[in-house]
Amino acid sequence: MNILVVLEDNNGAIHRMSLEAIVAAQKISSKLKSEITVLAMGRNAEALALEASKYELNEILKINSSSLYSYSSDGYATAIEQIILEQDFKYVFFGHTYQVRDYVPKISAKLMRPFLADNIKMSISSGSIEFTKQTFNAKLLADIQTSDSGLYLVSFQSASFSSDNLKPGYSKIKKIDITIDETQIKNTYDEPFQESAGGVDLTSADIIVSVGRGIGEADNISIAKDLALALGGQLSSSRPVVDAGWLSPDHQVGSSGQSVSPKLYLALGISGAIQHVVGMKGSKNIVAINKDPEAPIFEIANYGIVGDIFEIVPKLIESLK
Ligand SMILES: Cc1cc2nc3c(=O)[nH]c(=O)nc-3n(C[C@H](O)[C@H](O)[C@H](O)COP(=O)(O)OP(=O)(O)OC[C@H]3O[C@@H](n4cnc5c(N)ncnc54)[C@H](O)[C@@H]3O)c2cc1C
């Protein structure tokens, strides 16, 4: 049961969600002795392969092809399809990123093999693996049993596994050549979507104070700013706050914003919609303040305070000072 993990380039470093996909593969390998191959390609293939070489893997394949220097779903799908056809993989793992959503369905259609997208967990038994994904806006969970025969393309939701659990090791890099007929690359792309577009880099923050629609209006953001300052943290928000123009888009956390995993994430007046939660559920400690005791954010919070942010936050700031 061999596994291929495809690495995504995040400005010369392995994308955090690809590292999480490696953790998933390592979990299977430790139980079922599967072999793990990772694939590095694109303009920064060398840097990605070098970074991967410090993890416990069986092999790193590095494709050097100028046809893949700029991302295109046709180019990526063609390259990965060739690797899959040459070797005997049971699973191909990806992080569920925007790129993956773009090109993996193409591989799935070409190979006529299923793409099990956006899984949040898996259970491993001898021979086959069951993957679980959320459906109906995360109200239901679907367990998908894979069969013994055939290949499966599988992606994992952000923070389904923690990159803190990566097993270190020393892995060899193998350079491989593939042929890409550039006339088959029919699509051209603009600059990639930037999860962190502006000056606010939330991905490396240890403490984040995040505001939701519950903050009421732009002028009230100042209390969240003061709390972030008192804690030495960064300010972020849910999407309605950005849509209302109260904070710039680079503050947004969630499926169409940044993915964060700080030591402390304080959610102020955020309900906990799935599109927000996917961007912050990897936080080590989640503290939620919300006046609705039924708010879904409390399902994932380590500490929950049912109450009004305008009463609680000033008291928090006062005691921190
Ligand atoms: C394709 C798509 C992509 C999306 N991407 C994102 C994304 O990246 N990020 C994102 O955040 N959302 C995203 N959304 C929107 C998402 O579905 C939710 O609408 C959004 O997350 C809700 O934000 P919220 O929790 O701030 O607001 P609400 O859901 O309106 O919640 C406000 C909360 O504040 C509480 N509250 C009100 N007043 C107070 C008070 N005084 N004290 C305490 N609590 C109070 C309320 O009880 C409520 O729970 C996306 C949606 C779609 C369709």
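Each value in this text was obtained by applying a stated rule to the coordinates, not by laboratory testing. Given the structure is predicted, the values throughout are model-derived calculations rather than measurements. For neighbour counting, all protein chains shown are included, and Cβ atoms are generated from backbone atoms with ideal geometry for every residue, glycine included.
What do you reckon, is GLY269 on the phi > 0 side of the Ramachandran plot and crowded, with 21+ Cβ neighbours inside 10 Å?
Numbers: on the phi > 0 side of the Ramachandran plot: yes; crowded, with 21+ Cβ neighbours inside 10 Å: yes.
So GLY269 fits the description; yes.
Out of (1) buried (at least 17 other Cβ atoms within 10 Å of the Cβ); (2) under 18 Å from the mean Cα position of the chain (by Cα), the odd one out for LYS263 is which?
Among (1) buried (at least 17 other Cβ atoms within 10 Å of the Cβ); (2) under 18 Å from the mean Cα position of the chain (by Cα), LYS263 violates only (1).
Specify the residue that is nearest to the chain's Cα centre (by Cα); the eligible residues are those in segment 1-20 that are more than 30 Å from SER126 (Cβ to Cβ) and not polar (S, T, N, Q). First the steps, then the outcome.
Going residue by residue through segment 1-20, those that are more than 30 Å from SER126 (Cβ to Cβ) are 8-16.
Next, only the ones that are not polar (S, T, N, Q) stay: 8-9, 12-16.
On the way: GLU8: 11, ASP9: 13, GLY12: 17, ALA13: 14, ILE14: 12, HIS15: 8, ARG16: 6 Å.
Residue satisfying both the conditions and the ranking: ARG16.
Do any strands (runs of 3 or more DSSP E) entirely within segment 139-188 hold 2 or more residues that are out of contact with any Gly (no Cβ under 8 Å at 6 or more places or on another chain) and loosely packed, with under 11 Cβ neighbours inside 10 Å, and if so, which?
Where strands (runs of 3 or more DSSP E) fall fully within segment 139-188 and carry at least 2 residues being out of contact with any Gly (no Cβ under 8 Å at 6 or more places or on another chain) and loosely packed, with under 11 Cβ neighbours inside 10 Å, they are 140-145.
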